[in-house]
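The values are calculated or read from the model by the stated rules, or taken from the named source; none is laboratory data. Treat the numbers as computed from the prediction; the structure is a model and nothing was measured. All Cβ positions, even for glycine, are placed from backbone atoms using ideal geometry, and neighbour counts span all protein chains on display. Side chains included, ligands, DNA and RNA excluded: accessible areas come from the protein's heavy atoms. Shrake-Rupley method; radii C 1.70, N 1.55, O 1.52, S 1.80 Å.
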Amino acid sequence: MSRFVDKLPFFDRRASPMEEADDIPRSGLLHLHGGHNHYHHHHHHQHQQQGAMMAPEPSPPTKLSSSTLAQLLKRVNDARSDAVSSANSSPSHYTIELGASVPGSTGSDSEHCSHTGVVGDGAPLLPFVLKFTDLTYSVKQRKKGPCLPALPFAGRGDAEPEAAPRMKTLLDNISGEAREGEIMAVLGASGSGKSTLIDALANRIRKESLHGSVTLNGESMDNNLLKVISAYVMQDDLLYPMLTVEETLMFSAEFRLPRSLPGREKKKRVQALIDQLGLRNAANTIIGDEGHRGVSGGERRRVSIGVDIIHDPIVLFLDEPTSGLDSTSAFMVVKVLQRIAQSGSVVVMSIHQPSYRILGLLDRLLFLSRGQTVYYGPPGALSSFFHDFGKPIHDNENPTEFALDLVRELETMPDGASDLVEHNKSWQKRMGPKMMKHADEHNKPSLSLKEAISASISRGKLVSGATDGNVVTVPSSSESSSAVSKFANPFWIEMGVLTRRAFLNTKRTPEIFVIRLGAVLITGFILATIFWRLDDSPKGVEERLGFFAIAMSTMFYTCSDALPVFLNERYIFLRETAYNAYRRSSYVLSHTVVGFPSLIVLSFAFAVTTFFAVGLAGGAQGFFFFVAIVLASFWAGSGFATFLSGVVTNVQLGFPVVVSTLAYFLLFSGFFINRDRIPKYWLWFHYASLVKYPYEAVMLNEFSDPARCFVRGVQMFDNTPLSVLPGAAKVRVLRAMSSSLGINIGTATCITTGPDFLKQQAVTDLTKWDCLWITVAWGFLFRILFYIALVLGSKNKRR
């Protein structure tokens with residue numbers, strides 16, 4: 001271990017392409033400045049000889065498992081600091097031109113040195129090797145017809161043939177490897193298992209379902225470590241349409257790059273990535289969607305790749321990055337991937353049908369047919385492979401098109417492509433060792449996986465693990481094996497970045513808020529004109545009840561537009577959280593913060609439109625309480641819609657659920673039937689109703705004053721058959737009642753006050769402030785449930 005650390009600082013350090021932003025011409029070959037190169041190699045060998053002469057006696061071997069990766073990184077950093085302080089001159093500086101290079105070649109001497117530096121007793125530092133062996137994955141197939149289980153008396157021999165067709169094999173003993181500096185492409189027709197294999201390698205299939213092994217440098221990776229060192233680019237371009245290319249990449253940098261990296265360094269990294277992706281002319285263009293013109297399809301795809309490689313991952317998985325693109329755009333995308341691979345990454349991609357030019361950029365091909373390998377090897381060996389099979393490829397024909405056509409033709413046969421599968425197995429045994437002999441010069445890498453990752457970080461890879469060339473270590477008292485913390489930034493940084501992004505996106509789509517404000521104002525105007533200046537008569541009381549019920553339920557119905565907000569962002573959220581761009585809790589809180597200001601505006605707009613026009617009581621204090629309860633209703637309603645958006649998966653399913661549930665809430669709110677008249681077995685729904693608490697709060701705000709009288713003298717006959725009597729007859733009936741009861745009841749005598757009316761409506765168990773705080777609590781509860789739904793629903797793994 002000590003000898004490894006002592007030697008590590010003298011590796012040829014080749015900076016990441018993004019670090020060399022200012023030195024990247026737009027064309028040319030990977031090369032070194034000659035003077036620096038010569039000096040550095042001389043300096044390197046001189047130090048190497050001195051190290052060999054002055055090396056102490058070898059210490060006993062250290063158990064690698066006892067050291068955490070964070071400790072290894074610290075040793076690497078300390079060793080480099082010692083080396084820099086002891087050097088008489090500044091460290092050598094390489095310039096990398098990310099241009100054309102010969103596919104399959106080893107590149108320049110610097111590339112070779114960076115991958116095969118000298119460690120310990122001269123053992124070469126091997127590049128990363130992602131190896132997968134005997135991957136098998138089957139899923140249950142739904143059977144049509146009766147689904148009755150086998151009868152108890154059926155023998156086991158009878159049951160097995162019946163159960164066998166229920167399983168469909170998507171991957172069948174797939175083996176191979178992908179190496180640093182190379183692109184491995186998975187090819188095959190639609191349904192052959194390309195995306196499934198990429199998911200298996202990226203640990204997006206549950207371990208219980210996937211059989212076989214996936215290792216990096218001979219060691220299996222835990223899920224957290226893989227998330228830190230890798231990236232997965234989905235087939236769909238999941239981007240915010242109203243952000244520009246530069247803003248999209250900058251927000252990705254804010255998420256994936258550590259807080260310790262200065263803002264100017266993040267901007268420099270983004271600008272370098274824009275140049276690397278060939279997006280300079282589109283940097284200030286919005287992404288766009290169906291309703292807004294934006295970047296082209298090829299540019300959009302390159303932005304999707306850039307979002308996931310901003311932290312310069314060691315392993316990169318891509319699911320059909322060229323689908324839907326024209327030949328030139330597809331070639332540019334794969335050219336970018338070649339540059340990424342040459343910067344020290346393992347690149348694994350699926351591709352449907354590569355053109356001849358793209359084929360020249362690929363280093364390894366893996367052909368699949370119905371989950372089985374029909375060819376694995378370099379593109380140059382395709383001709384000899386099919387020649388041995390008895391199907392030679394014509395000179396002017398694209399080898400991959402020939403192979404795919406042949407596989408499709410074989411799949412129509414009863415035995416499928418089984419002959420080609422068997423030919424591949426025998427061909428691999430015969431030719432595989434000859435083709436891959438350079439890859440198997442050493443049976444086992446000299447370094448453990450943790451040491452290899454720390455060495456890669458020291459060479460400039462994995463930006464989230466290094467800043468300004470220094471390795472960032474995470475002090476840990478536990479036996480953690482993570483090179484960096486699980487998330488690049490603390491909670492409050494994530495929340496701030498998410499909030500800024502959401503505000504920017506909202507600001508550029510003002511029509512959504514304008515439509516919502518218009519709906520609230522129109523509803524308020526209609527209610528104000530219908531219930532204009534209500535009096536204190538019994539009919540006025542009934543009309544107030546109708547106004548309150550419609551107004552409070554309207555608050556919840558207008559909140560249903562919060563449903564598509566998350567549904568539109570759902571897959572962006574899944575992509576970003578799958579590889580720990582930010583915490584789910586940060587997303588929930590920023591989602592809440594961004595939506596709240598608009599709720600305040602809507603609440604004041606509705607209250608100003610209706611409170612004074614209807615003639616509600618309470619003066620200024622009553623008005624502000626009315627604003628508060630309307631705001632609480634918006635808060636709870638938007639929380640409810642947000643929670644449902646985390647549970648349902650599409651708008652068509654979500655809206656019927658929202659509308660029907662709110663109708664039930666209104667039914668049990670106490671307006672249509674009083675609490676004391678609701679059957680006991682439905683009483684729980686009354687207390688679970690979101691509309692109950694705002695409805696009762698505004699009633700208590702209106703009728704709690706005992707000085708207000710709503711039924712006086714002859715008004716008690718309103719809403720009864722006696723209401724049709726002449727006024728004089730009503731007065732005589734009132735006098736007769738007074739004499740028989742022995743109580744003087746005149747025409748001005750108050751019969752029913754506000755509190756009396758509340759008792760009639762069974763609104764007595766809570767105060768108006770209780771109702772307000774319970775409504776606010778509902779809003780918090782639904783957002784907590786939304787967070788739980790995100791945690792449970794975003795595992796992002798196949799079963």
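Structural remarks
- Residue match in region 686-695 (condition: farther than 28 Å from Gly793 by Cα, touching a residue at least 12 places away in the same chain (Cβ under 8 Å) and surrounded by fewer than 12 Cβ atoms within 10 Å (Cβ to Cβ)): no
- Residue, surrounded by the fewest Cβ atoms within 10 Å (Cβ to Cβ), within region 235-252, restricted to residues that are among the hydrophobic types (A, V, I, L, M, F, W, C) and closer than 13 Å to Val303 by Cβ: Leu238
- Taken over region 642-651, the residue count meeting the criterion of being polar (S, T, N, Q) and either modelled with pLDDT of 95 or more or assigned to a helix (DSSP H, G or I) (or both) is 2.
- Among the residues of region 275-313, those identified as closer than 14 Å to Leu243 by Cβ and of a type in the set (A, V, I, L, M, F, W, C) are Leu279, Ala282, Ala283, Ile286, Ile287, Val295, Val303, Val307.
- Selection within region 658-685 - outside any helix (DSSP H, G or I) and either open to solvent by 30 Å² or more (accessible area, probe 1.4 Å) or in contact with a strand residue (DSSP E or B) (Cβ under 7 Å, 6 or more places away or on another chain) (or both): Phe671, Phe672, Ile673, Asn674, Pro679
- Test for Asn443: is it surrounded by fewer than 18 Cβ atoms within 10 Å (Cβ to Cβ), modelled with pLDDT under 75 and assigned to a loop (DSSP other than H, G, I, E, B): yes
- Hey, Gln271 under 27 Å from Glu180 (Cβ atoms), modelled with pLDDT of 90 or more and surrounded by 18 or more Cβ atoms within 10 Å (Cβ to Cβ) or not: yes
- Just one of (1) exposed (fewer than 13 other Cβ atoms within 10 Å of the Cβ); (2) within 25 Å of Gly754 (Cβ to Cβ); (3) free of Cβ contacts under 8 Å to residues at least 40 places away in the same chain fails for Ala707. It is (3).
- Taken over region 274-288, the residue count meeting the criterion of being open to solvent by less than 10 Å² (accessible area, probe 1.4 Å) and either of a type in the set (Gly, Ala, Ser) or closer than 12 Å to Met250 by Cα (or both) is 4.
- Answer from Gly639, Gly654 - the residue that is surrounded by 22 or more Cβ atoms within 10 Å (Cβ to Cβ), in a helix (DSSP H, G or I), touching a residue at least 12 places away in the same chain (Cβ under 8 Å) and not aromatic (Phe, Trp, Tyr): Gly639
- Restricting region 219-234 to residues that are more than 13 Å from the chain's Cα centre (by Cα) and part of a loop (DSSP other than H, G, I, E, B) leaves a set whose member that is surrounded by the most Cβ atoms within 10 Å (Cβ to Cβ) is Met221.
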